[in-house]
Each structure stands twice: as C-alpha cells, then as structure tokens.
Amino acid sequence: GIQVEQSPPDLILQEGANSTLRCNFSDSVNNLQWFHQNPWGQLINLFYIPSGTKQNGRLSATTVATERYSLLYISSSQTTDSGVYFCAVRVKGNTGKLIFGQGTTLQVKP
Amino acid sequence: EAQVTQNPRYLITVTGKKLTVTCSQNMNHEYMSWYRQDPGLGLRQIYYSMNVEVTDKGDVPEGYKVSRKEKRNFPLILESPSPNQTSLYFCASSLAGGETQYFGPGTRLLVL
C-alpha cells in the first residue's frame, strides 16, 4: 500500500522562528490534507491541498503531486503552534480511504 | 454550530463487554469515518461510509463493527473488546469522500 512519511519527527523552535515540515508519499494520490493536533488532542484541518500552494495567515502549504511531496511552512511561530502536525492522503481510485503520516511533533518555546 | 460529536468521551471497560461509541454530525455530510490513534502508529482508519447504508473497511477493521442507518450517525461497535483495543478513537465527516474532513473531539477507551 501507499507509504506516507513525514519529517522531521520532532522539532523544537524558539518563538518567532520559521519552520518547514515535509510529507512524502509513495504513490499517486487524489488529494492531500494537513491537520494540526493541539496538546489537548483536538484535530483541526489546516489545508486541503491536492496541488499548488495555499496560504492561511502564518501558515502556508505547497503540494507537488508529480514529485510526491508536500510542504507545510510555519512562519513566526507561536507557542500555540505546538502540537502534532499530520499529513494525510487519499489513495487514487478510492476516495474513501485516508492514509496518515506518523506526524511531526512541534514544540515552540517562549 | 457545525460539529461532530462523540460519546462517551472517556470509557473504562472490561474485556468482552460489548460497547458502542456514538458519532453524530450536523453538517449533512455524506462521508463519515472512524480512526484510532496509538502512540508511534499515528492515526489508522478503521471503517468509513461513503453514504447511508454504504460502509467499507479501512486498514484496521478487525474487532469492530459499524452501521450507517441514517446520514447523521455512524456508531462504532466493539462486540467483544480486548486490551489491544485500548486507544484514542476519532470520528470524522466530510461533505463527500474526497473533501476536507472534520474531526470529533475523540473518545479515550481503556479496556482492562
């Protein structure tokens, strides 16, 4: 089956720093989503981004489907950005199945 | 308020005692899905439903059952829970199968 790998697995930043999280996938996908799980366990969708670039405030994401990767950029990080970031892909030909990466755990220190 | 709700939020039970975790959404979404989250394994899909009366297996369906008799509800049933089903469970929904998913708050289950 399709493999989804995220890097780095862990990241510690000082408040105000920028970071880039990466998601690689091993096969063609229908779409890709980025989620943030906050320290209380709540999962929030950040981007639905099958291709191209999207921006939402200090966050932006780029997916290059032909090269099978996606990047999530966090600029001017804040302590509220802490948590786990997941990417998830839909397998091509099956819009029901969603495969998650293992996540990147981000800690932003004040 | 548009939301996905799950009940109960926390549950401690014993091996073999049947239980049901309910999931309900008020967004008229066609697609619903269940996931479990375990340390080091991330989120794994258990079952999903593309529409009423249509369900299919995800990656880890063993030991679970689901039903989708009406659009808004998608209960997860553990007929005979075992300790390896101790986990954090999430329900999610989306407008259609390939769309942005919205997650419930999670149900933390401990099977003794």
Can you give the convex hull volume per residue for the Cα atoms of the protein assembly as shown, as a whole number of Å³? 119
On the Cα set of region B:3-53, report Rg and Dmax in Å, please. 13.1, 35
Reach of B:Lys18 by Cα under 17 Å, taken over aspartates and glutamates that are not fewer than 8 positions away in the same chain: B:Glu62, B:Glu79
So, over other residues within a Cβ distance under 15 Å of B:Lys57, counting Lys, Arg +1 and Asp, Glu -1, the net charge is +2
Between the alpha carbon centres of region B:63-112 and region A:1-57 the gap in Å comes to 23
At R0 = 41 Å, how high is the FRET efficiency between A:Ile12 and B:Asn28 if r is their beta carbon distance? Nearest 0.05 is fine. 0.45
Please enumerate, by chain and number, the lysines with C-alpha under 25 Å from the C-alpha of B:Lys17, excluding those fewer than 8 residues away in the same chain. B:Lys57, B:Lys65, B:Lys69
With springs only between Cα atoms under 10 Å apart, run a GNM on chain A and tell me which of A:Asn31, A:Asn56, A:Asn18 wobbles the most. A:Asn56
Using a Cα-Cα cut-off of under 14 Å, which aspartates and glutamates could be cross-linked to A:Lys109, ignoring same-chain neighbours fewer than 8 residues away? A:Asp10, A:Glu15, A:Asp81
Which whole-number value in Å³ per residue fits the convex hull of the alpha carbons of region A:1-64? 117
One finds, for B:Lys65 and B:Thr100 with R0 = 22 angstrom and r their Cβ-Cβ distance, a FRET efficiency to the nearest 0.05 of 0.25
Estimated Rh, region B:15-112: Kirkwood, alpha-carbon pairs, angstrom: 13.4
Packing-based exposure ordering (other Cβ within 10 Å, fewest first) of B:Met50, B:Met27, B:Met32: B:Met27, B:Met50, B:Met32
Chain A: equivalent-ellipsoid semi-axes (sqrt of 5 x gyration tensor eigenvalues, Cα, Å): 24, 14, 12
Please list, ordered by chain and number, the residues whose modelled amide H lies under 5 Å from the amide H of B:Gly58; skip anything fewer than 5 residues away on the same chain. B:Tyr47, B:Tyr48
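Laboratory data are not the source of any read-out in this text; all were calculated from the coordinates shown. Treat the numbers as computed from the prediction; the structure is a model and nothing was measured. Glycine gets a Cβ as well: all are built from the backbone with ideal geometry, and neighbour counts include every protein chain shown.
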